[in-house]
Amino acid sequence: MSSSAKIYSVEAANAKNVAAHRAVPLSTRQILAASVTLSVFSFLYLVFAQRHAVLFYIMTGLIAVYILFVYASGIGAVLYMVAREYPEDEFDSKSSSSSREMEESKF
């Protein structure tokens with residue numbers, strides 16, 4: 001059984017991208033700082049803001065502003081990816097031309 005289709009490995013497809021993959025693009029120090037900040041904020045919110053109305057409104061407002069920021073950032077990222085012009089990858093153009101040739105050779 002001879003086939004003109006080429007088999008591509010994952011390593012060949014990702015040859016351009018040699019960066020190490022992490023779950024998030026943050027350093028360990030940044031993750032630790034975010035965790036400590038959230039812990040301190042939660043402690044203040046639970047202990048002090050429940051007894052003082054002004055502090056409660058300020059901290060609840062900060063939470064609302066943060067949620068709006070995350071939501072707006074997500075929408076902005078999606079709009080950026082939709083509007084951005086992506087260069088044509090030579091791997092994609094080779095595979096699409098070879099698949100087109102295979103389709104034509106069937107007839």
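The values are calculated or read from the model by the stated rules, or taken from the named source; none is laboratory data. Bear in mind that the values here come from a model prediction, so they are computed numbers and not experimental data. Note: ideal-geometry Cβ built from the backbone for every residue, glycine included; neighbour counts use all protein chains shown.
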Pairs please, first residue from the stretch 40-57 and free of Cβ contacts under 8 Å to residues at least 12 places away in the same chain, second anywhere and assigned to a loop (DSSP other than H, G, I, E, B) and small (Gly, Ala, Ser), Cβ atoms under 6 Å, 6+ apart in sequence or on different chains. Leu55/Ala49; Phe56/Ala49
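So for the stretch 31-45 (the condition being exposed (fewer than 10 other Cβ atoms within 10 Å of the Cβ) and either at pLDDT 90 or above or within 30 Å of the chain's Cα centre (by Cα) (or both)), does at least one residue qualify?
no
So if I check each of Ala19, Ala49, Ala77, which one is in a helix (DSSP H, G or I), hydrophobic (A, V, I, L, M, F, W, C) and either on the phi < 0 side of the Ramachandran plot or modelled with pLDDT of 80 or more (or both)?
Ala77
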